[in-house]
Amino acid sequence: MRIVLDTDPGVDDAFAIFYLAAQPDVELVAVGSVHGNVPAPVAADNALRLLDLVGLTEVPVAVGAREPLVQPLHTAEFVHGPDGLGGHAGPLSSRRPVAESAAEQLVRLARAHPAELTVVALGPLTNIALATMLEPTLPRLVKSLTVMGGAVTVPGNITPYADANTWHDPEATDIVLRAGFDLTLVGLDVTETARADFAWLNRLAALDSDRARYAHAIVAHYADLYATLLGEKVFTLHDPLAAALTVDPALATHRELVLAVELTGTHTRGQIVADLRVLARETNIESSIGQARRAAKVVESVQSGPFL
Ligand code: BDR
Ligand code: CA
């Protein structure tokens, strides 16, 4: 599987990169950074550090969108630490990002390898939306798109209804949901069930490897925040689960649902909306969501596997 990764590392993004790097059947073709957990240039520096750590020193990293399409930039250092990697990012890589933008890189690669590339988006969808605007046939040029984002049947995390990725750029999410990708949505519905607990963190600390030591150092800030919020030291594996379900979709069940994103709600902006009414399914009644859109595969349950 040839993957182009779009990401905002971010502690759980870092673990997704570790996971993908360890998969024998995955070729990481390129990485694009995006604003989200940290500004896009910081996310690119982190991606380069992480790729160095796992020995993927040839994989290019392009800096992506520095801000959302419409709203001002918000970042989440309070969750991921001042440098996005728990305050333990470490020295800069000796490599620098490539000159093209993440959207340009994705379009160029998709044109060069039609229907071969799987796109995995672990941050706000600004780059994917910009790439779709540059190349409107992108949804057909790539094989599929996995999006970590949304909270279709459960509460949000950054607002009562929205997950951080969709809330950080609702207009970009809207463009991507309308574009016609073969899209799998891995939302908080399932990622909130994929939590590494204190025992797991201790096992990680005990491993004798540079990668494990680095991983344990960067996760501490995140786990400490959760200890304060929930009274429990845990690490939620949002992005690693999205990566794992891209590599092995058989681990999950999904529902085909037409999706929209709320753009105007005072309390609900950034919420992913699906028509879950039984009546809507059985009678195909008129829905405000627009039945003409291609349905997305919304992951609804995950078997016990590497993360659960
Ligand atoms: C998503 O938001 C970010 O904080 C995480 O990296 C993940 O991609 C979860 O809502
Ligand atoms: Ca992320």
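The values are calculated or read from the model by the stated rules, or taken from the named source; none is laboratory data. Keep in mind it's a predicted model, so treat the numbers as computed, not measured. When we count neighbours, we look across all protein chains shown, and the Cβ atoms used for this are built from the backbone with ideal geometry, even at glycine.
Quick notes on this structure:
- Test: residue in segment 146-156 that is at pLDDT 95 or above, at positive phi and surrounded by fewer than 20 Cβ atoms within 10 Å (Cβ to Cβ): no
- One residue stands out among those in segment 130-149 that are in a loop (DSSP other than H, G, I, E, B) and more than 18 Å from residue 191 (Cβ to Cβ): the one that is nearest to ligand 1 (Cβ to nearest atom), which is 142.
- Residue-level analysis places residue 70 outside the set of residues that are within 15 Å of ligand 2 (Cβ to nearest atom) and modelled with pLDDT of 95 or more.
- If you go through segment 1-23 and pick out every residue that is surrounded by fewer than 24 Cβ atoms within 10 Å (Cβ to Cβ), closer than 15 Å to residue 216 by Cα and of a type in the set (A, V, I, L, M, F, W, C), you end up with 1.
- Residue check, residue 48 away from ligand 1 (no atom under 13 Å from the Cβ) and not basic (Lys, Arg): yes
- Test for residue 78: is it within 15 Å of ligand 1 (Cβ to nearest atom) and either buried (at least 24 other Cβ atoms within 10 Å of the Cβ) or among the hydroxyl-bearing types (Ser, Thr, Tyr) (or both): no
- Within segment 226-246, the set of residues being surrounded by fewer than 19 Cβ atoms within 10 Å (Cβ to Cβ) and in a helix (DSSP H, G or I) comprises 226, 227, 228, 229, 230.
- Hits in segment 1-19 (condition: away from ligand 2 (no atom under 13 Å from the Cβ) and touching a strand residue (DSSP E or B) at 6+ places or on another chain (Cβ under 9 Å)): 1, 2, 3, 4
- Tallying residues that are in a loop (DSSP other than H, G, I, E, B), among the aliphatic types (A, V, I, L, M) and crowded, with 18+ Cβ neighbours inside 10 Å within segment 157-183 yields 2.
- Scope segment 227-252; condition within 16 Å of ligand 2 (Cβ to nearest atom) and farther than 17 Å from residue 14 by Cα; matching residues: none
- Every pair of residues 6+ apart whose Cβ atoms lie under 8 Å, when the first sits in segment 92-112 and is among the acidic types (Asp, Glu) while the second is surrounded by 17 or more Cβ atoms within 10 Å (Cβ to Cβ): 100/62; 104/62; 104/131
- Filter result for the condition that a residue is over 23 Å from residue 117 (Cα atoms), more than 12 Å from ligand 1 (Cβ to nearest atom) and of a type outside the set (D, E, K, R), over 176, 152: 152
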